[in-house]
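Visitor: My questions will all concern the structure given below.
Derivation of every value follows stated rules applied to the coordinates shown; laboratory data play no part. On a predicted model such as this, the values are computed, not experimentally measured, just so you know. Counting neighbours? That spans all protein chains shown, and the Cβs are built from the backbone with ideal geometry, glycine included.
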Amino acid sequence: MTEVLNEVALAQLKELDGDDGESLLVSIFELYIADAPEHLTKITKAIEDSNGNVLSEESHKLKSTSANIGAEKLTTICQTLETYGSNDQLSRATELLPEFQKALEEVLEAVQNYKH
């Protein structure tokens with residue numbers, strides 16, 4: 001399995017913290033874990049409801065937070081979903097939904113199990 005979280009991105013986050021770098025990272029991870037399920041629900045519902053605007057907005061939000069923690073695969077998928085939402089390509093978004101769900105699940109697992 002390829003690296004789910006980019007270690008370089010995580011190291012950069014640690015450098016932002018004045019102490020050991022872990023407290024900022026833990027806070028970011030806690031927020032990500034708390035917010036991700038809501039994004040999943042909103043993105044899934046937007047696809048089911050054929051609502052391109054909501055799909056684009058929610059995908060953009062999750063893309064940004066995923067990029068911050070180095071979840072590159074999920075970031076790319078969110079970018080694609082954002083584009084599909086902006087272009088009203090909801091059938092293509094429907095096809096991508098299982099891959100999105102799996103990638104988000106992998107990221108959540110990696111965040112919950114992260115140790116350094």
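Visitor: May I ask you to say which residue of Ser50, Ser59 is in a loop (DSSP other than H, G, I, E, B), polar (S, T, N, Q) and without any contact (Cβ under 8 Å) to a residue 60 or more places away in the chain?
Guide: Ser50
Visitor: When the residues of region 62-76 are filtered to those that are in contact (Cβ under 8 Å) with a residue 12 or more places away in the chain and hydroxyl-bearing (Ser, Thr, Tyr), which remaining residue is surrounded by the fewest Cβ atoms within 10 Å (Cβ to Cβ)?
Guide: That would be Thr65.
Visitor: Restricting attention to region 77-113, report how many residues are of a type in the set (D, E, K, R), closer than 14 Å to Pro37 by Cα and surrounded by fewer than 17 Cβ atoms within 10 Å (Cβ to Cβ).
Guide: 3
Visitor: Then there's this: Taking the options Leu104, Leu31, Leu25, name whichever one is part of a helix (DSSP H, G or I) and either within 10 Å of the chain's Cα centre (by Cα) or farther than 19 Å from Val4 by Cβ (or both).
Guide: Leu104
Visitor: Please go through region 73-98 and pick out each residue that is assigned to a helix (DSSP H, G or I), touching a helix residue (DSSP H, G or I) at 6+ places or on another chain (Cβ under 8 Å) and among the charged types (D, E, K, R).
Guide: Once the filter is applied, which keeps residues that are assigned to a helix (DSSP H, G or I), touching a helix residue (DSSP H, G or I) at 6+ places or on another chain (Cβ under 8 Å) and among the charged types (D, E, K, R), region 73-98 yields Lys73, Glu82, Arg92.
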